[in-house]
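The structure appears below as structure tokens.
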Amino acid sequence: MKPLREPAFARLWIAAFFSETAEWMLQIALPVFVFQATGSAATTALSIVLGLVPAVLLSPVAGVIADRWNRRLVLCVVCAGQAFVALPLLFVASSGPVFVIYGVMAAQAGLASLFEPARNALVPELVPAGELIGANGLMSINGSVARLAGGWAGGLLLGFGGLGWVVVAYLGVLVIGSALLARPFRRVAAPKAAGPHEPVLRAWLDGLREIGREGRLRLAGVVVVLTSLAQGMFLVLFVVFVLDILDGTEGDVGLLRGVQALGGLAAGFAVATVARKVAPAALLGWGGLALGLLSAVIWNLPALTASLGVFIGLFGLVGAPGVLAGSGLLSMVQTAASSERSGRVLSTVFAGTAGFTALGALLTGWLLNVLGTGVLLNVQAGLHTVSALIVLAVSASGRLRGDAIPAVPRTG
């Protein structure tokens, strides 16, 4: 928990919690709303895709903004912007119009594409180098608690009060997050000068070339492709799995999606404390393998039982390896990318994540009636497993250079 001794990181940590809580409220509520309004998995998949494509298109701009502008100010403006673009949802009735949902999801995704690179590029400036994985672990704790609180609140408010209640709560949470980011941070490490202001496209391509030059970043790219396809499949299949296979309600969707935070919370504490010196590739490989195998168990278990209590326990457990793998991937990218290009590298990673997540969702919506839910769920688990095995094989071969945690410099 040493990173929380840095006041600037502690404030960013709290602000990130409110931002992620708000994001999870809409991530749960909007796809369920669309599915209930249309009854179509393909339409639900389209809504998810439209909420991801802007992140791909804005990737060059997002990375350059994260490297050139004040990152704290970017985060503050994004939070305020997300609150503003959500206002039209207050006027959406229970049956639509769905195109308003599409527009809001696209606008939210565009703003989120600016938020993630700036936040993750800012973290190394606020904590000592040797505490970076611990800081990422603490951010994972935030993500886990936010998933639990936001997922539960989004599903519950949608079920009992409709979309309007969800939006009002969402706006209130974002206002708090924006207020916490209003004051400047005191940095541990001064940001490096961005250098001459090249044209946006050329600057972004410079970040792409860095990914091509660095082996750890190339491996991270392979992982992003496979796991993002799996995530896109999950976003569509999870709603169908809970509502149709388990015969659950919209509240159950929020509960089961949010309860993953319990395992993630435990894993986040582990990464922030006892596992903060573990090599990123080890976290990524073993965490991803556990995620894939446990997912396969969950998807096939309804053949034996559809008890909600059993699935609450399993979805809570599956959050742990997800956090381990995510912390490993993020730490690998942060330590491999040069600080002056970290925003561009991170934005490219997030754009790849969004793009292949969208592709996975589209393919799932198209193939669901052809292959069936059961087959696609097992393909989804298999993608996580294959990705993890690739990481473990490359790591065991000794071809990863620099996959170590920098030592904390001595003072005094």
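The values are calculated or read from the model by the stated rules, or taken from the named source; none is laboratory data. It should be emphasised that the depicted structure is a prediction, and the values quoted were computed from it without experimental measurement. Note that each Cβ is placed from the backbone with ideal geometry, even for glycine, and that neighbours are counted across all protein chains shown. With ligands, DNA and RNA removed, areas are computed over all heavy atoms of the protein, side chains included. Shrake-Rupley method; radii C 1.70, N 1.55, O 1.52, S 1.80 Å.
Considering only region 289-312, how many residues are of a type in the set (Ser, Thr, Tyr) and either closer than 30 Å to residue 131 by Cα or open to solvent by less than 30 Å² (accessible area, probe 1.4 Å) (or both)?
1
Looking only at region 242-260, decide whether some residue is at pLDDT below 70, closer than 17 Å to residue 131 by Cα and in a helix (DSSP H, G or I).
No, every residue in region 242-260 fails to be at pLDDT below 70, closer than 17 Å to residue 131 by Cα and in a helix (DSSP H, G or I).
Does region 170-177 contain any residue that is modelled with pLDDT of 90 or more, in a helix (DSSP H, G or I) and either farther than 30 Å from residue 27 by Cα or touching a Gly at 6+ places or on another chain (Cβ under 9 Å) (or both)?
Looking for residues that are modelled with pLDDT of 90 or more, in a helix (DSSP H, G or I) and either farther than 30 Å from residue 27 by Cα or touching a Gly at 6+ places or on another chain (Cβ under 9 Å) (or both), one finds at least one in region 170-177, hence yes.
Please enumerate the residues belonging to region 124-164 that are over 30 Å from residue 251 (Cβ atoms), aliphatic (A, V, I, L, M) and open to solvent by 30 Å² or more (accessible area, probe 1.4 Å).
Listed by number, the list holds a single entry, 129.
Has region 313-332 got at least one residue that is open to solvent by 30 Å² or more (accessible area, probe 1.4 Å), modelled with pLDDT of 75 or more and over 21 Å from the mean Cα position of the chain (by Cα)?
Yes, some residue in region 313-332 is open to solvent by 30 Å² or more (accessible area, probe 1.4 Å), modelled with pLDDT of 75 or more and over 21 Å from the mean Cα position of the chain (by Cα).
Can residue 113 be described as of a type in the set (S, T, N, Q), assigned to a helix (DSSP H, G or I), in contact with a Leu (Cβ under 6 Å, 6 or more places away or on another chain) and crowded, with 22+ Cβ neighbours inside 10 Å?
Working: of a type in the set (S, T, N, Q): yes; assigned to a helix (DSSP H, G or I): yes; in contact with a Leu (Cβ under 6 Å, 6 or more places away or on another chain): yes; crowded, with 22+ Cβ neighbours inside 10 Å: yes.
Judged against the criteria, residue 113 is a match.
Among 362, 389, 293, 377, which is modelled with pLDDT under 90 and either part of a helix (DSSP H, G or I) or over 28 Å from residue 152 (Cα atoms) (or both)?
362
Got at least one residue in region 349-358 being touching a helix residue (DSSP H, G or I) at 6+ places or on another chain (Cβ under 8 Å), crowded, with 24+ Cβ neighbours inside 10 Å, within 22 Å of residue 116 (Cβ to Cβ) and modelled with pLDDT of 85 or more?
Taking every residue of region 349-358 in turn, at least one turns out to be touching a helix residue (DSSP H, G or I) at 6+ places or on another chain (Cβ under 8 Å), crowded, with 24+ Cβ neighbours inside 10 Å, within 22 Å of residue 116 (Cβ to Cβ) and modelled with pLDDT of 85 or more.
I need the full set of residues from region 68-89 which are among the polar types (S, T, N, Q) and either assigned to a helix (DSSP H, G or I) or buried (at least 17 other Cβ atoms within 10 Å of the Cβ) (or both), in order please.
82
Looking only at region 396-411, decide whether some residue is more than 28 Å from residue 109 (Cβ to Cβ), open to solvent by 30 Å² or more (accessible area, probe 1.4 Å) and modelled with pLDDT of 80 or more.
yes
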